[in-house]
Amino acid sequence: MIKRDIASIRKEYALKQLDESEVIQNPFDQFGLWLDDAILSRVSEPNAMVLSTTTSDGRPSARVVLLKGFDENGFSFFTSYISRKASQLEQNPFAALVFFWPELERQIRIEGMVKKVSKQESDDYFNSRPEGSKIGAWTSPQSQTIPNRIFLESLKVDIENSLSGKTIDRPENWGGYRLTPYLIEFWQGRPNRLHDRIQYRKTENSWIIERLAP
Ligand SMILES: Cc1cc2nc3c(=O)[nH]c(=O)nc-3n(C[C@H](O)[C@H](O)[C@H](O)COP(=O)(O)O)c2cc1C
């Protein structure tokens with residue numbers, strides 16, 4: 001294997017700072033502010049986030065999914081209900097999300113409990129998708145092993161033929177999840193690894209704002 005000098009890759013963070021006296025009391029508003037910054041700064045795929053889930057015996061796995069909405073109830077994403085992540089969420093509904101926006105030297109970590117969104121919400125989002133994505137949702141037995149690429153392509157042709165001229169409804173095994181958070185941390189890179197970390201911790205009816213050591 002080629003020897004790579006990864007250890008010497010190093011970046012100093014100096015763009016911005018984050019102070020507990022300046023953050024918004026409501027973490028969802030603070031998230032919205034940072035998401036807007038990411039969009040305005042033309043971060044590539046600003047709504048891409050790493051979703052971590054675990055099996056019931058604590059074996060974690062992580063993958064990128066797209067945030068499709070957020071409000072005071074939580075952060076939603078859409079996927080297959082027969083996927084590996086879906087199986088893990090059934091075993092353990094606690095999960096974590098991570099956004100990394102390198103252009104802004106920012107990270108957001110979110111932890112909470114995941115539930116399926118309502119069928120209506122899944123239908124509404126599914127119906128808003130382009131036709132190709134709808135067919136994709138019908139075609140892909142997500143996370144199952146398949147023999148080869150041709151298998152997928154021919155499944156797509158079969159589905160296209162059987163759905164041709166019809167309204168494409170949401171497959172039962174595809175829909176949304178919402179993570180309702182109890183912890184949200186905003187991380188701003190600072191010089192000399194003395195980064196700013198501001199954490200919101202949910203108590204019964206309010207959010208406590210605390211600074212964490214970097
Ligand atoms: C940028 C990006 C966005 C993605 N968005 C989604 C998504 O919104 N929903 C989804 O099911 N998979 C999405 N994926 C694919 C997942 O990372 C993953 O491969 C898939 O969901 C299967 O994961 P699982 O086997 O752990 O269930 C995305 C991947 C990337 C790189």
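Quick notes on this structure:
- GNM flexibility winner over the chain from Glu45, Glu105, Glu185 (Cα, springs under 10 Å): Glu45
- Lys/Arg +1, Asp/Glu -1 at C-beta; the range 5-67 dipole; positive extreme among Ala48, Tyr13, Phe28: Ala48
- Between Asn47, Asn148, Asn127, the residue with the greatest mean-square fluctuation in the GNM of the chain (Cα pairs under 10 Å linked by springs) is Asn148.
- Amide hydrogen proximity for Trp207: with H placed 1.01 Å from N in the peptide plane, no residue at 5 or more positions away or on another chain lies under 5 Å.
- For the chain, the solvent-accessible area with a 1.4 angstrom probe is 60 square angstrom per residue.
- Counting only Cβ charges, +1 for Lys and Arg and -1 for Asp and Glu, the dipole size of the range 5-79 around its Cα centre is about 460 debye.
- For the range 37-102, the set of trypsin sites (Lys or Arg not before Pro) satisfying both a DSSP loop assignment and a count of at most 11 other C-beta atoms within 10 Å is given as Arg42.
- Apolar share of the accessible surface for the range 48-206: 51 percent from carbon plus sulfur atoms, 1.4 Å probe.
- Pairs beyond 24 Å (Cα-Cα), from Lys85/Lys116; Lys119/Lys166; Lys115/Lys166; Lys68/Lys116; Lys85/Lys119; Lys11/Lys202: Lys115/Lys166; Lys11/Lys202
- Computed over neighbours whose Cβ is under 13 Å from that of Pro191, the net charge equals +2, Lys and Arg +1, Asp and Glu -1.
- Cα gyration tensor category, rounded, prolate or oblate, for the range 114-214 with a/c compared to 1.5: prolate
- Span-rule helices in the chain, defined as complete DSSP H runs reaching 18 Å or more along the axis (Cα) with Kyte mean at least -0.5: 27-40, 149-163
- A Cβ-based charge dipole, computed about the Cα centre of the chain with Lys and Arg at +1 and Asp and Glu at -1, lands at about 780 debye.
- Cα convex hull volume per residue for the chain (Å³): 180 Å³
- In the chain, helices alone account for a calculated mean residue ellipticity at 222 nm of -8000 deg cm²/dmol, with every DSSP H run of four or more residues adding -39,500 (n - 2.57).
- Over all other residues within a Cβ to Cβ distance under 12 Å of Glu90, the charged ones net out to +4, with Lys and Arg as +1 and Asp and Glu as -1.
The values are calculated or read from the model by the stated rules, or taken from the named source; none is laboratory data. The structure displayed is predicted, hence computed values, not measured ones. Positions of Cβ are generated from backbone atoms using ideal geometry, with glycine treated the same way; all protein chains shown enter the neighbour counts. The protein model used for the area step is the full one, side chains on, heavy atoms only, and it has no ligands, DNA or RNA in it. Shrake-Rupley method; radii C 1.70, N 1.55, O 1.52, S 1.80 Å.
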